[in-house]
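The values are calculated or read from the model by the stated rules, or taken from the named source; none is laboratory data. Model, not experiment: these values are computed from the prediction. Because the Cβ atoms are built from the backbone with ideal geometry, glycine has one as well, and the counts that use them run over all protein chains shown. Calculation scope for accessible area: heavy atoms of the full protein, side chains included, ligands and nucleic acids excluded. Shrake-Rupley method; radii C 1.70, N 1.55, O 1.52, S 1.80 Å.
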Amino acid sequence: SMQCFPSLVLALSSLLGALALLQLSLYLRVPSRYGKHEERLCRPRGRLPARCAWFLQELPSFLVPALLLALRSPPRLEPLGCRLLCCLFGWHYFYRTFIYPFFTRGRPFPLQLLFFGTLFCIYNGFLQGYYLIYCAEYPNDWCTDIRFTSGLLLFLLGMGINIHSDLLLRQLRKPGEVTYKIPQGGLFTYVSGANYFGEIVEWFGFAIATWSLPAFAFAFFTLCCIGPRAYHHHRYYLKTFTDYPKSRKALIPFVF
Ligand code: NDX
């Protein structure tokens, strides 16, 4: 059976942090080219229907930790706190892999980004799964620790906002439609990137609940990946719709 190598966890987490900074420097000024930010001139070739693309891309985030779990000799997840923590990650990616793609009405997704996205999900799925399944150790009363309870609460709140906002975005289109409208309702009343806000809150909650370097690195990566994207969405809306609500912020309600 596999063992825990703390130096491997440290190295992979640091690289994830470095990738986050790279991402910030790449996408602060120019958005990543998918969805509403894809260039007009882009050929229709080199893309995959959104359903397949999101399913394939996110699948490793679910599959890799599941494989790591299957490879571990019993008892697989001791103690309880750890078991719960691993389920949170698996729970999110169950939604993102097996539910979200089948309802999306998004545009075809560029193959090149799909490739990097898949690599990223393999990498992160391995890091989070490996840490929680082979390395993490929590005291027996971790479930009542303030870090666990407050983190879990944030995670659930963020996941709720994320799923609800994904739903509101989807309802803006009829099947087959690819036009953009002004999102309304839920947290979109306050921010342009309500789905992103939820996702960021979710992963910081996960980081606090697991109190682990890999999870903080991933939360930071998420912030650097979709934070700038929320800002670019916001600018796109202001430029495209003259009647866009003026009080709406980009990512954080009432702040930014
Ligand atoms: N997938 C995470 N980096 C990413 C794919 C892209 O899960 O090379 C990270 C994720 C990947 C990225 C992933 C990793 C880094 C990559 C990047 C590409 C480049 C980058 C690989 C893996 C890279 C380095 C250099 C480090 C290697 O037609 P459409 O698609 O626009 O339709 C949209 C629709 N919609 C509207 N419909 C009508 N009217 C409107 N006004 C509309 N506005 C939007 O709604 C979509 O169908 C849908 C959602 O669109 P959008 O743009 O709001 O969200 P989207 O970005 O597609 O994300 C979807 C969900 C969302 O809940 C988000 O929180 C979550 O996925 N997500 C997304 C990205 C990353 C991530 C979570 C995370 O880091 N945790």
TODO: Quick one: P(r) of region 166-256 from all Cα-Cα pairs, 10 Å bins, percents rounded to integers, in order of increasing distance.
DONE: 17, 42, 29, 11, 1
Task: Whole-Å distance, taken between Cα centres, linking region 40-116 and region 138-155 - done: 25 Å
TODO: Output the Cα-based Rg and Dmax of region 62-143 in Å, rounding Rg to one decimal and Dmax to a whole number.
DONE: 15.2, 47
Task: 5 angstrom amide H check on ARG47, placed H, neighbours 5+ away - done: LEU111
- [ ] Pull up all non-local amide H partners of LYS249: gap of 5 or more, or a different chain, and H-to-H distance under 5 Å with H placed in the peptide plane.
- [x] VAL191, SER192, PHE254
TODO: Quick one: net charge around PHE206, please, counting Lys, Arg +1 and Asp, Glu -1 for every other residue with C-beta under 14 Å from its C-beta.
DONE: 0
TODO: Grab the chain and count how many Lys pairs have their alpha-carbon atoms under 20 Å apart, sequence gap of 8 or more, or different chains.
DONE: 8
Task: Cα convex hull of region 104-256, projected area averaged across orientations, nm² - done: 10.5 nm²
Task: Surface share of carbon and sulfur [accessible, 1.4 angstrom probe, percent] for the chain - done: 68 percent
TODO: Leaving out ligands and nucleic acids, note down the accessible area per residue over region 7-240 with a 1.4 angstrom probe, in whole Å².
DONE: 50 Å²
Task: Pairs of alpha carbons in region 7-240 whose separation is greater than 21 Å (percent) - done: 58 percent
- [ ] Note down the nm distance, to one decimal, between modelled labels 7 Å out along Cα→Cβ at PHE241 and at ARG29.
- [x] 2.9 nm
Open item on the list: Pairwise over distinct Cα atoms, reciprocal of the mean inverse distance: report the Kirkwood radius of region 1-128 in Å, one decimal place.
Closed with: 16.6 Å
TODO: List every residue whose amide H lies under 5 Å from the amide H of ARG107, counting only residues 5 or more places away in sequence or on a different chain, with H placed 1.01 Å from N in the peptide plane.
DONE: none
